[in-house]
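Have a look at the structure below before the remarks.
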Amino acid sequence: MEGIARYIYETTRRMVAAHPEDEFHFIFDRPYDKQFIFGDNVIPHVYSPPARHPFLWYLWYEWALPQAFKKITPHVFLSGDMYLSLRSKVPTVMVSHDLNFEHYPEFLPPLVSKYYRHYSPRYHRSADKLIAVSQATKADIIKTYNINEHKISVATNATPEGFYPFSSEEKKEARIQYTKGAPYFLFVGSLHPRKNLARLLKAFDIFKSGGRPHKLVIYGRQFFKTGNIFDTHKKMTHKESVVFIDSSTCSVPEIMGGATALCYPSLFEGFGIPILEGFAAEVPVITSDISSMPEVAGDAALLVDPLSESSIQEAMVTITNDPVLAQELITKGRHRKTLFSWDKSADIIYQTLSTCNTD
């Protein structure tokens, strides 16, 4: 599960467990896995069509979902993935993860971008209450859609399970397995223009000109508009030092702990979960100084200008040349990750649902 799915999973299963007195109805658009039915107080429903295209998004949310509501008669509806039904009169709480499509519409397929930019302002204004995943996202919603701040609560992401610091032997084994023994910088995320991979590749090429043995591992699935990423890779002087890996090869926890540092110089994030993953694996983190990333990283990461290849490259040099600083970042990251809690976020969402139901 990636960001939005993980957020829904972690928060809803905690609400179900914490409130056995409540009845939760989970609405699916296709046959579901039983692992998502978290307790006896969860009642699943399946309504077609499977919503994996803008036209089907419209049909599912504006026609299938209102039909579901007529059957279920819920007191309140929680939308965890930034869609809702404009036809429904059921009190609604919507989680807003980010507005990247407003700032970088060119990074999405035209129809998807058009759908988001047409409906997202309506969804945000129609929802009775909003949950933002960071203060940065809350501020962006207020500024972009002119929405009253009192309508928006903040319930952040938190550290995924399964990450841990590698021993020296485990680091050695990871490097043997993924980079033939070479130390490596790691990027984690979808291959997408917003993730700024083309500049990261150029920065790494500059870094390698110093004769260093490191490799760069790009971990993630191809998403939208990856042409510039692979064109940049082909033009690199040190392209043989770049390794592309997807989830069929290994999981993120299996590769994170062996990294010299996590490099996450994204152009825009609603939160930036890989930063917490780096903290949990106790590797130094390099990330951007814009959007939500400084809010998540605090003083536990090296912040770079994501528009500057030299800024990214200089941070990589700093990490390799200053082991004392690298260890300081690891120590700070160990504390920083404890500030983000799925339990706390689930409670905030539940309280928002309860308030929305009684307003």
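The values are calculated or read from the model by the stated rules, or taken from the named source; none is laboratory data. The structure presented is a predicted model; accordingly, all values stated were derived computationally and were not measured. No Cβ is skipped: glycine too gets one built from the backbone with ideal geometry, and neighbour counts run over all protein chains shown.
The table below lists the values:
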read-out	value
Within segment 274-342, helices (runs of 4 or more DSSP H) holding 2 or more residues that are within 20 Å of residue 132 (Cβ to Cβ)	293-297
Checking residue 140 against (1) outside the structural domain of residue 235 (by TED's automatic domain parsing); (2) surrounded by 23 or more Cβ atoms within 10 Å (Cβ to Cβ), the condition it does not meet	(2)
Filter result (part of a loop (DSSP other than H, G, I, E, B), among the polar types (S, T, N, Q) and surrounded by 14 or more Cβ atoms within 10 Å (Cβ to Cβ)) within segment 156-188	156, 157, 159
Residues located in segment 189-216, provided they are surrounded by fewer than 22 Cβ atoms within 10 Å (Cβ to Cβ) and in a strand (DSSP E or B)	191
Entirely in segment 1-107, the helices (runs of 4 or more DSSP H) that have 1 or more residues that are buried (at least 18 other Cβ atoms within 10 Å of the Cβ) and in contact with a helix residue (DSSP H, G or I) (Cβ under 6 Å, 6 or more places away or on another chain)	3-18, 100-103
Whichever residue in segment 35-81 is out of contact with any strand residue (DSSP E or B) (no Cβ under 9 Å at 6 or more places or on another chain) and among the charged types (D, E, K, R) and, among such residues, is farthest from residue 4 (Cα to Cα)	70
Residues of segment 258-269 classified as under 14 Å from residue 192 (Cβ atoms) and assigned to a loop (DSSP other than H, G, I, E, B), total	5
Filtered residues of segment 70-101 (kept if of a type in the set (D, E, K, R) and within 17 Å of the chain's Cα centre (by Cα))	81, 98
Test set (1) of a type in the set (D, E, K, R); (2) surrounded by fewer than 14 Cβ atoms within 10 Å (Cβ to Cβ); (3) closer than 24 Å to residue 140 by Cα - residue 343 fails condition number	(3)
Inter-residue pairs, beta-carbon under 6 Å, first within 17 Å of residue 316 (Cβ to Cβ) and modelled with pLDDT of 95 or more and in segment 173-186, second of a type in the set (Gly, Ala, Ser) and surrounded by fewer than 16 Cβ atoms within 10 Å (Cβ to Cβ), 6+ apart	175/181
